[in-house]
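Here's the structure we're looking at; comments come further down.
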Amino acid sequence: MFPKSRLELTRRGFVSVAATGAIASQALSAVAQAGDQRTTTTNKIDAKAGPFWPNGARLAISISLMFEGTGQPISGAGGALPEPTKPGFPDQPTNAFFAYGVNEGIARALDLFDKHDIKVTSFMIGKAIEQNPDLAREIVRRGHEAGAHGPTWTASYDLPREKEKAFIKDSVDTIKRVTGTQPVGWNAYFMRNSIHISETLSELGFLYSIDEPSRDEPFIIPVRDQELVMVPYTLHMNDMNFPFQGYDPHAHEQALRDEFDQLYEEGATRRRLMVIGMHDRLSGHANRIRALDRFLTYAKSHDDVWFARKDEIARWALTQRQLTPVVHRGPPTETGLP
């Protein structure tokens, strides 16, 4: 758990502490160093797998931790209860369900990541981190990446282009103000963006987006005279795919192992990326953490597995363009239909 001198977890949440420093840069330096080493040395996996990832790793694993608790609307957010509250009335049980993430779930997940010495990307809702700034700073202090996830947990795809841009920028500005870091990755509400999103993200200085589950590897989208990396998201390895009611931790763990085994096998001949989606209010529950703990132990028992933040993956994809698919997309249309 957190040392009491830094941050103390109680049943009511996190107690304020001194502001933490900027995000650690060691991971990104390691990526750059790995790229330099590859031009001068032959590492242990080059002969059997090729230079798909830093240090010739056979498989990359990237975890998303969604920081959404307290950023949801007071009604209509959906949750663990089958009967929703009528629109316009505060959904008190669902709001309490969301609050579990900031009160318990994120702290438990951070301790799990520390145990296995892995770094992740946390996509943060602006409203949520404004109400829980010490928790947001603690995520960054531990070396994890802060990604943008909107100022509130609401859709933006139906907004006019300039309003969608302002919506995203609001999220960026809040993360920078609260954590001291500039987010370079974007994740929309349920992955739904407007048809102008690539141009908008490029104009705002984003490096990558995760809003596409179409591949098991990163790819590049040319955007005018720039490039936007897509670091795929996942639906089937998302904790939302394992219902809160009737949750089977053994089935969850087996699904993770099967995904890993298949991609690890394929990783001998092509670039493969395994993505795990976590939400603060779901994966942070005690039994789910245990299932994830067992899986991470299993994955780390294999050689040449790289656990990486999404900004690291995006930057590596750009430095290895000869191995990274480039997807050319036509200009946006109002319907987006063929």
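Some points to look at:
- Using the Karplus relation 6.51 cos²θ - 1.76 cosθ + 1.60 with θ = phi - 60°, the per-residue 3J(HN,Hα) values for the stretch 269-279 come to 10, 7, 6, 10, 10, 9, 10, 10, x, 10, 10 Hz, with x marking Gly and Pro.
- Placing dummy labels 7 Å off each Cα toward the beta-carbon, the span from residue 329 to residue 293 is 4.0 nm.
- Percentage of interatomic Cα-Cα distances in the stretch 135-250 larger than 18 Å: 56 percent
- Annotation: extensible slack from residue 247 through residue 322 equals 22.8 nm (criterion: 0.36 nm per residue apart, minus Cα-Cα distance).
- Contour excess over end-to-end distance, with Cα ends at residue 96 and residue 162 and 0.36 nm allotted per residue: 20.4 nm
- Model label points for residue 114 and residue 266, set 7 angstrom from Cα along the Cα-to-Cβ axis, are 3.5 nm apart.
- Excluding same-chain neighbours fewer than eight residues apart, the aspartates and glutamates reachable from residue 176 by a Cα-Cα span under 20 Å are 68, 130, 134, 138, 145, 164, 203, 311, 312.
- Taking the square roots of 5 times each eigenvalue of the Cα gyration tensor of the stretch 246-338, largest first, gives ellipsoid semi-axes of 30, 21, 13 Å.
Laboratory data are not the source of any read-out in this text; all were calculated from the coordinates shown. If you're wondering where the values come from, they're calculated on a predicted model, not measured in any experiment. Note: ideal-geometry Cβ built from the backbone for every residue, glycine included; neighbour counts use all protein chains shown.
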